1. Please verify whether Val98 is in contact with a Leu (Cβ under 9 Å, 6 or more places away or on another chain), over 28 Å from Gly238 (Cα atoms), at pLDDT 95 or above and not charged (D, E, K, R), treating the condition exactly as stated.
2. Could you check, for the stretch 41-64, whether at least one of its residues is at pLDDT below 65, out of contact with any Ser or Thr (no Cβ under 6 Å at 6 or more places or on another chain), assigned to a helix (DSSP H, G or I) and surrounded by 13 or more Cβ atoms within 10 Å (Cβ to Cβ)?
3. In the stretch 96-115, how many residues are within 20 Å of Thr169 (Cα to Cα) and open to solvent by 20 Å² or more (accessible area, probe 1.4 Å)?
4. Gln72 - would you say it is under 26 Å from Val254 (Cα atoms) and either modelled with pLDDT of 55 or more or assigned to a helix (DSSP H, G or I) (or both)?
5. Restricting the search to the stretch 125-161, which residues are hydrophobic (A, V, I, L, M, F, W, C) and touching a helix residue (DSSP H, G or I) at 6+ places or on another chain (Cβ under 6 Å)?
6. Being assigned to a loop (DSSP other than H, G, I, E, B) and touching a Gly at 6+ places or on another chain (Cβ under 8 Å) is the filter here; which residues of the stretch 82-129 pass it?
7. Only strands (runs of 3 or more DSSP E) wholly contained in the stretch 130-239 count here; list those with 1 or more residues that are of a type in the set (A, V, I, L, M) and open to solvent by less than 40 Å² (accessible area, probe 1.4 Å).
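The values are calculated or read from the model by the stated rules, or taken from the named source; none is laboratory data. Just so we're clear, the structure is a prediction, and the values are computed from it rather than from any experiment. Because the Cβ atoms are built from the backbone with ideal geometry, glycine has one as well, and the counts that use them run over all protein chains shown. The accessibility values were calculated without ligands, DNA or RNA, using every heavy atom of the protein model including side chains. Shrake-Rupley method; radii C 1.70, N 1.55, O 1.52, S 1.80 Å.
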Amino acid sequence: MDRLRSGPRRDRIVEMASSNGLTSVEELSATFGVTPSTIRRDLALLTTQGKLARTYGGALSLEPHPEASLRQRLGQAHAAKRAIAAWAASQIVPGESVLLDGGSTTAALAQELTGLRHLSVSTIGLPALEVLVEAEPADLEIVLLGGRLRPMSQSFVGPVTEQALERMTFDRAFMGADGVRADRGINEKDLEQTRLKELMMSRADHVYVLADASKIGQAPFHAWAVMPARWTLVTDSGVDPAALEPFRAKGIDVEVAPDLPGTD
């Protein structure tokens, strides 16, 4: 219970709304040790000040969350993404058909796949495609699911991409995320991305979400992809073990990829 004075409490409410997406009156009341009516007054004032947007039972942050470009993300948590990619590649069996989401971690996974044989790899991401093509694999079928290019993520989205997916199935789908929470699923910048992710996951027998430690429990945006009944979260050794407990409590499979030699 955190009994802050009204000013610091309201500042903290804005921070919580920014990091968690949606903040409920009940959650805030319990967190700060004040009555729900006090929280409602806080939210009303913050809304008047233009810092929050009221919703049923809570509030949304109005603070803009700049989306990092793919180029920026490729340079972040490099060792963690390599470890996650190596573990993910170890799950693939020769002869399978796999689907790669867009993003920097799936691009790292594409690099791991270039040494595998008898594999069909489909992707919506240009970085993964470039890795696969440059490797010139003789025994790797590569399928690009086209559509409208989303420049910020260098991946394809939209009805053309969705139509292509509806004609295919996969043994395994490897998903990226801007954030991932046990109670809400995958967090992304816009609804078009989350709709596509849901369709991708529905077409695969096994679904893996590849998310480094910085993305666990985070919600930088307000669009969510609903998860299938069974899926696996794959993260790196830098994760706080407590951050994984909500996933395990919901019966979600959790894998912590071991560090690769020479990446300390």
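1. Spelling it out, it is not the case that Val98 is in contact with a Leu (Cβ under 9 Å, 6 or more places away or on another chain), over 28 Å from Gly238 (Cα atoms), at pLDDT 95 or above and not charged (D, E, K, R).
2. no
3. Just the residues of the stretch 96-115 that are within 20 Å of Thr169 (Cα to Cα), to begin with: 96-102, 106, 109-110, 113.
Remaining after also requiring open to solvent by 20 Å² or more (accessible area, probe 1.4 Å): 96-97.
Here the count works out to 2.
4. No, not satisfied.
5. Taking the stretch 125-161 as the starting set, the residues that turn out to be hydrophobic (A, V, I, L, M, F, W, C) are 126, 128-129, 131-133, 135, 138, 140, 142-145, 149, 152, 156-157, 160.
Scanning the stretch 125-161 gives Ala128, Val131, Leu132, Ile142, Leu144, Leu145, Val157.
6. Asp101, Gly102, Gly103, His118, Ile124
7. 140-144, 155-157, 170-175, 179-181, 185-188, 204-210, 223-225, 232-236
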